[in-house]
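Participant: One structure, pasted below without further comment.
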Amino acid sequence: MTVEVPGRAVLSRPLSVPLIGGIVGMLPLAVAAQPGEGLRDTTFWLQLVVACYAGVRLCAMVLSGRRRLIQGAFWLFSYLAMGIAPLAQSVLGRDPTPVLGARGDTETATVLVLCGLAAFDVGALLARHRPPVVRRRRPAATVHRQRLYLLVALAYVASALLIVRLGGPAVFFTSRQEISTTLNEATGAQAGDAGGEAGNALLRGFGTVPAMLALLFLTRWLVTSRSARRRPGVLVPWAGLVVINTIVNNPISNPRYWFLTVLFALLFTVFPRSPVMYRAALALGVVIALLIFPFTDRFRYDENGHRPVETDALLEPLVVKDYDQVNMFANTLTFAADGNGHTYGQQVAGAALFFVPRSMWEGKPQDTGFLVGGWMGTNSANLSSPLWAELWLDFGPLGMTAGFIGIGYLAARTDRRYVVRTLDDPSPGNVLAVVVPVLAGYSFILLRGSLLQASGRIGIAVLCLLLVTTLRSNPRAQLR
């Protein structure tokens, strides 16, 4: 058994005090004290409780002696998107997405958010106190060297196909709107055509996901092996993948949450055992999300459709559409109460079976955000559907709570296994050392929702992992 030494990992007290004071006390109170037209009602106070609760748990992740990547990402998202941002919206009396129901629906949504946070904590606590089971150690998943080169080749071919279909690298440095328009023209898809949009999403997924994973695996190989850093057979493909990822996975032509996934995964692949980098990523994540993230929306549109964030107020960036999660949860409650009811697992099943075409599944569920948005009277395909809303719409409040207990349990177990495996097995071929950072980064997309939109890239990533992973101990196939 590997035992972590927490002494060097725990943040010093002089640094922990201002961290806790700033995240738990100063920022929520500063937001709550701002002048605005919003009501200081029950919803406002509940949102303040959510912000403080998530802030306490985020500080616990930062101050922990263990690197809890998935749990840290969960609490970072919850603090900002489900706590601070809704609190700012209540203070200003402005919603980034219209809430069609009464104020009571937002109050109920906030209570359910708080229940989900508490349930996640319960699940993590159950994982922590899970009784030990004596069993034979299973072989660790490792990267097969020859298959890794197959993945590299797939990444080159798929990304090249995407670049050629869009007319060259230049379009990737224009805007997301230009990318979508060019892709529709290249494939002949029409706006609102579900089949065409699915084909475009598949093309973009294969053009971006294999390139990212191949880069991460080669980066870990270079970081953990001195001999690899002297071999052209590793350096040359890695350099080419850096160029390819700069084109297809840059923040200009991609959704910001996807670029955040790439950045988060690359950061913890380059620094797999650094507690300083782990703390910096979580602590600075708050600052980046508040001060930088909303303004990067300028890359979504071209010059004619550009809608920048114009602000002279502290809270203005928090009332933009990036932070409409609680609003959309409230709309989901109203949608169900308007006679639509619960879907009893259909939405989650549709996300899990995303690869089944609608021609074979006539009643295949729509994307949850699009479904609720259609009921609201908007055709926007970019409405969020947070995980709270997905689970509640399918399974009700009890099912949502049970779901978050399970998610918390799995997150804690995966984080613990990641720490133990990276200490026990510092080899270049450690699959878990790459998968967990990717999963932690992608959890921002899963938490924001909707699940159906997030499923495509997950499926492609699973195929890539199955391609390179082996459970057999073969010296000729190991990365060295």
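Participant: Tell me whether region 209-230 contains one or more residues that are closer than 23 Å to Ser159 by Cβ, open to solvent by 30 Å² or more (accessible area, probe 1.4 Å) and not in a helix (DSSP H, G or I).
Facilitator: no
Participant: Also, I was wondering about something else. Just the residues that are open to solvent by less than 40 Å² (accessible area, probe 1.4 Å) and of a type outside the set (Ser, Thr, Tyr), please, taken from region 466-480.
Facilitator: Of everything in region 466-480, those that are open to solvent by less than 40 Å² (accessible area, probe 1.4 Å) and of a type outside the set (Ser, Thr, Tyr) turn out to be Val468, Ala477, Leu479.
Participant: So for region 177-186 (the condition being touching a Leu at 6+ places or on another chain (Cβ under 7 Å), modelled with pLDDT under 70 and assigned to a helix (DSSP H, G or I)), does at least one residue qualify?
Facilitator: Yes: one or more hits.
Participant: Considering only region 455-475, how many residues are in a helix (DSSP H, G or I) and touching a Lys or Arg at 6+ places or on another chain (Cβ under 8 Å)?
Facilitator: Qualifying residue count, region 455-475: 2.
Participant: Further question: Scan region 349-366 and tell me whether some residue there is over 21 Å from the mean Cα position of the chain (by Cα), part of a helix (DSSP H, G or I) and free of Cβ contacts under 8 Å to residues at least 12 places away in the same chain.
Facilitator: No.
Participant: Cβ-Cβ distance below 7 Å, separation of 6 or more or different chains: which pairs start in region 137-157 with a residue that is closer than 13 Å to Arg480 by Cβ and end on one that is open to solvent by 40 Å² or more (accessible area, probe 1.4 Å) and at pLDDT below 95?
Facilitator: Going by the 7 Å Cβ cut-off, the qualifying pairs are Thr142/Gln478; Arg145/Gln478.
Participant: Which is without any contact (Cβ under 8 Å) to a residue 60 or more places away in the chain, buried (at least 20 other Cβ atoms within 10 Å of the Cβ), assigned to a helix (DSSP H, G or I) and not basic (Lys, Arg), of Ala51, Ala85?
Facilitator: Sole residue among the options that is without any contact (Cβ under 8 Å) to a residue 60 or more places away in the chain, buried (at least 20 other Cβ atoms within 10 Å of the Cβ), assigned to a helix (DSSP H, G or I) and not basic (Lys, Arg): Ala51.
Participant: Now for a separate question. Of all residues in region 357-383 being at pLDDT below 85 and open to solvent by less than 40 Å² (accessible area, probe 1.4 Å), which is nearest to Asn200 (Cα to Cα)?
Facilitator: Ser380
Participant: What number of residues within region 88-105 satisfy the criterion of being in a helix (DSSP H, G or I) and open to solvent by 20 Å² or more (accessible area, probe 1.4 Å)?
Facilitator: Counting residues in region 88-105 that are in a helix (DSSP H, G or I) and open to solvent by 20 Å² or more (accessible area, probe 1.4 Å) gives 4.
Participant: With without any contact (Cβ under 8 Å) to a residue 40 or more places away in the chain, open to solvent by 10 Å² or more (accessible area, probe 1.4 Å) and out of contact with any helix residue (DSSP H, G or I) (no Cβ under 7 Å at 6 or more places or on another chain) as the only criterion, which of Leu410, Leu398 stands out?
Facilitator: Leu398
Participant: Here's another thing I want to ask about it. Among the residues of region 31-48 satisfying the criterion of being under 28 Å from the mean Cα position of the chain (by Cα) and under 17 Å from Tyr323 (Cβ atoms), which is most open to solvent (accessible area, probe 1.4 Å)?
Facilitator: The selected residue is Leu46.
Results for (1) within 27 Å of Gly22 (Cβ to Cβ); (2) open to solvent by less than 40 Å² (accessible area, probe 1.4 Å); (3) assigned to a helix (DSSP H, G or I); (4) at pLDDT below 80, shown as yes or no for each residue.
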{"site": "Ala239", "(1), (2), (3), (4)": "no, no, yes, no"}
{"site": "Ile244", "(1), (2), (3), (4)": "no, yes, yes, no"}
{"site": "Asn254", "(1), (2), (3), (4)": "no, yes, no, no"}
{"site": "Val262", "(1), (2), (3), (4)": "no, yes, yes, no"}
{"site": "Thr269", "(1), (2), (3), (4)": "no, yes, yes, no"}
{"site": "Ala283", "(1), (2), (3), (4)": "yes, yes, yes, yes"}
{"site": "Val286", "(1), (2), (3), (4)": "yes, yes, yes, yes"}
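Participant: Looking at Val434 and the list (1) in contact with a Phe, Trp or Tyr (Cβ under 8 Å, 6 or more places away or on another chain); (2) open to solvent by 20 Å² or more (accessible area, probe 1.4 Å), which single condition is not satisfied?
Facilitator: (2)
Participant: Next question, about the same structure. Only one of these is at pLDDT below 90, open to solvent by less than 40 Å² (accessible area, probe 1.4 Å), closer than 20 Å to Arg457 by Cα and over 22 Å from the mean Cα position of the chain (by Cα): Gly196, Gly205. Name it.
Facilitator: Gly196
The values are calculated or read from the model by the stated rules, or taken from the named source; none is laboratory data. These numbers come from a predicted model, not from an experiment. FYI the Cβ positions are ideal-geometry reconstructions off the backbone, even for glycines, and counts take in every protein chain you see. Surface areas here come from the heavy atoms of the whole protein model, side chains and all, with no ligands, DNA or RNA. Shrake-Rupley method; radii C 1.70, N 1.55, O 1.52, S 1.80 Å.
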